[in-house]
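Read the structure below first, then the notes.
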Amino acid sequence: MSSPLIIKPSWNIFVINTPTAFEWIDGHINLFDLDVEMKNLLAGLFAALAVTACSSSQQATSNNDNKVQRPHILFIAIDDMRADVGSFGVDYAITPNLDAVAQRGVRFERAYVQQPICGPSRASLMTGARPDTLGVTHNYVHFRDNIPDILTLPQHFMNNGYETMYFGKVFHGHNSIQKDDAHSWSRQPVSIPGLKKPVRYAIQQNTDIQAANKKVMFAKYGQQAKFGLGSGPAYERADVSDNTYPDGHSTDLAIATLNDALQTTDKPLFIGLGFHKPHLPWVAPAKYWDMYDPADIPLAEYDTAPQGGAAMGLHASFELRTFYGIPKQGPLDDELARTLKHAYLASISYVDAQIGRMIEAIDKAGIADNTIIMIWSDHGWHLGDMGVWGKATNYEIATRVPLIVVTPDMTASVTGTSSKALVELVDMYPTLTELAGLPLPEHLEGQSFVPLLSQPDQPWKAAVFSQFPNSALREWGAFPLRPGMRETYFGPLITEVEGRIQQQFPERWDRELFEHYLMGYAMRTERYRLIVYLDTRDEQQQPLFVELYDHQTDPNETINIAEQKPKLTARLIKQFQAGWQGNLAK
C-alpha cells in the first residue's frame, strides 16, 4: 500500500513512495528518475501547490500588514478628577506629564459626562449608550443586568483582532462580573516577582482606625453600614513608594504586561489603565504632598448654593462625611478645607506621575508612532464649590472633565492645541472605533469627533447632555435613600435637606416622587446650562423645576435666571426636547 505524499512545512523536500526523489530548489520543482508523463503530471501538481502556498503566504503577509497598521490604543481613566490640570488653565495644579501629553495632541476644554458618578458614567462611555438607555443611573446595577449582549468598547476591539487588557479601574466595580472580564478582556496582567499587593492605607494607625470605625458602625447600624459607613481617614501622607498604593501598582503591571505582549503577540493592543485617585480617600506618597505649599492653595471662590437654584440640586456632602475625622453636620472650617484640597491635589500629582511612566514606556517600546492615547476622567468634583464636597450634581463643576487625545498622524498645526467644541464621553467609543478603522456598532448613541482632531475649531454639536437624580435625597452611589439611612448619623442632614425641598415645593412635596422618580437633566450649549427636573413616570409633563445659567456672564453658575428670561428658557427647553439626536454636529 502506497504511503501518502508528505510535504514538509518549509516546502524544501517532498517524499513519495517511489524510487524517485523531488526537490523544491529556488522556486522550481526538480524531478528525476521519472518518465515524461509522470514528470508532467507531478510538475503540474506541485506547481498548483506552489501557487496555493504562495497565495496563502501573501495573504498572511497582507493580514500581518493589516495588524501592524491597526493602531495600539492607550485608554487612560482617572477617577473623580475635575479639570484641575495645568494645561487646562489651573495654575495651582502640578501636572507636568498631563501637560506634556496635551502638547502632543488636542485637549478638549468642553468635554462632559453623561452622569457625574462612577458606575453610570463608565457604563455609558464603555458601552456607547446613555444612562436611560442602559437603565443604569446608580452604582448598584450592572449594565448587563438590563442589556446582556451589549457590545462594549474593548469587546468590539477584541472581536476585531485586538489583544485587550486592563489594569486598575476601567469599568466600575470590584468583581470580575462588574469589570466585565468574561466579555471585554483577552489578556491577563503578568506576574511581577516581589511586587507586593497594594494597600488602601500605608500607615497602620489609619488601617486600625478604619477597622475600628467600621466595627462601631456595624454594631450601631447593622447591614446599613456596608453601604459606605465607617470609613477610615479621608487622606494620608506617607513616605512610601508609588506602588505601595493601587495606582503605582497598576502602572507597574501595565508596563510589564505591555512589554510582554509586544514580545508574544503580533496583535494590536488595547490597553485600559484606570487610576483610582483622586477618588476618596486621598492618599498619596509624601513627595507629591511636598510639591505644594498649602498657603498657595486657593479655597472655593463661590461656596454658597446658586441664588434661586433647585433645593434638590445639591447634596449634603454625604460621601466625604462617611470618613473618619470629617464633621457629620455643618460646614468645614478653612483649615480642614485647605488640607482636603491639598490632599486632592497631591493625589492628582501622584496620578500624573504614573501617566508619565506609562507614556515613557510606550516611547521606549518604540510604538508611540502607532499608538492612540485617550485620557479622560469619569466626572468632576466639588471641592467646597457651591458649599458642597463631592460629585453627583448637574452643575458644571461635576459634569465637565478633562479629555486629551493624541493620534500618530496629527499635524504640527494641531498638536498642542485645544478645542472648545462640545463633546461627550459617550463620543469616545465611536471616535476610537473610527480612528482604528473598525465598523461602527449600530447601538452607539455618541458621535465620533474625529473631524475635530484635524480641525479643532470647527462648528460642532449644538448641545451636550448629562443627568443626575435628586442629589439631595440620594445616597453617594446615587441609590435612593434606604430606610435605614435615616436612622444613621445622616438622619439630621436628611431632615435638613428635605425641609428645604418642602419649603420650595409646598404643594408638590411627595417623598416617593422626590426620592425615587425625580431626574435632573442638564443641557450644556456653548453659552448656557439648562437643568430640567422631570418626573420619570411621565416625562411629557411640564418640568417640576428649571434652572438656567449664563456662562458668558456667570461662569460659576451663581444665579438661576430661568424666571428672569422666560422666552430664552422656553427656547432652550424646546432645544432640550430635541434630545441628543437633535443636537448632533451637522
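Data table
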{"item": "Out of Ile501, Ile494, sole residue that is closer than 20 Å to Ser317 by Cβ, at pLDDT 95 or above and either in a helix (DSSP H, G or I) or of a type in the set (D, E, K, R) (or both)", "result": "Ile501"}
{"item": "Matching helices (runs of 4 or more DSSP H) fully within region 283-388 where at least 2 residues are at pLDDT below 95 and more than 27 Å from the chain's Cα centre (by Cα)", "result": "none"}
{"item": "All helices (runs of 4 or more DSSP H) inside region 146-246 with 2 or more residues being small (Gly, Ala, Ser) and open to solvent by 20 Å² or more (accessible area, probe 1.4 Å)", "result": "204-221"}
{"item": "Positions within region 451-489 being open to solvent by 30 Å² or more (accessible area, probe 1.4 Å) and either in contact with a His (Cβ under 7 Å, 6 or more places away or on another chain) or in a helix (DSSP H, G or I) (or both), in sequence order", "result": "Pro451, Phe479, Pro483, Arg486, Glu487"}
{"item": "Residue that is nearest to Arg321 (Cα to Cα) [pool: residues in region 490-503 that are surrounded by 15 or more Cβ atoms within 10 Å (Cβ to Cβ) and not basic (Lys, Arg)]", "result": "Phe490"}
{"item": "Total residues in region 260-282, condition β-branched (Val, Ile, Thr), surrounded by fewer than 17 Cβ atoms within 10 Å (Cβ to Cβ) and not in a loop (DSSP other than H, G, I, E, B)", "result": "1"}
{"item": "Residue ranges of strands (runs of 3 or more DSSP E) in region 15-128 with at least 1 members modelled with pLDDT of 95 or more and of a type outside the set (Gly, Ala, Ser)", "result": "72-78, 106-112"}
{"item": "Output for region 405-416, where each listed residue is surrounded by 15 or more Cβ atoms within 10 Å (Cβ to Cβ) and polar (S, T, N, Q)", "result": "Thr407"}
{"item": "Verdict on Asp260 being over 30 Å from Leu74 (Cβ atoms) and out of contact with any helix residue (DSSP H, G or I) (no Cβ under 8 Å at 6 or more places or on another chain)", "result": "no"}
{"item": "Residue match in region 421-443 (condition: under 27 Å from Val141 (Cα atoms), assigned to a strand (DSSP E or B) and open to solvent by less than 40 Å² (accessible area, probe 1.4 Å))", "result": "yes"}
{"item": "Counted residues, region 304-323 - those being surrounded by fewer than 17 Cβ atoms within 10 Å (Cβ to Cβ) and among the acidic types (Asp, Glu)", "result": "0"}
{"item": "Selection from region 531-556 of residues that are of a type in the set (D, E, K, R), touching a strand residue (DSSP E or B) at 6+ places or on another chain (Cβ under 9 Å) and under 26 Å from Asp132 (Cα atoms)", "result": "Asp535, Glu539, Glu547"}
{"item": "Contacts under 6 angstrom Cβ, first residue in region 556-577 being of a type in the set (Gly, Ala, Ser), partner assigned to a helix (DSSP H, G or I), 6 or more apart", "result": "Ala562/Thr569"}
{"item": "Residue under evaluation Trp376, criteria (1) touching a Leu at 6+ places or on another chain (Cβ under 7 Å); (2) under 24 Å from Lys586 (Cα atoms), criterion not met", "result": "(2)"}
{"item": "Gly384 in contact (Cβ under 8 Å) with a residue 60 or more places away in the chain and open to solvent by less than 20 Å² (accessible area, probe 1.4 Å)", "result": "yes"}
{"item": "Residue among Ile348, Ile326 that is open to solvent by less than 20 Å² (accessible area, probe 1.4 Å) and out of contact with any helix residue (DSSP H, G or I) (no Cβ under 6 Å at 6 or more places or on another chain)", "result": "Ile348"}
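The values are calculated or read from the model by the stated rules, or taken from the named source; none is laboratory data. Just so it is clear, the structure is predicted and the values come from calculations on it, not from any experiment. Using ideal geometry, Cβ is built from the backbone for each residue, glycine included, and neighbour counts are taken over all protein chains shown. Just so you know, the surface numbers come from the protein's heavy atoms only, side chains and all, with ligands and any DNA or RNA stripped out. Shrake-Rupley method; radii C 1.70, N 1.55, O 1.52, S 1.80 Å.
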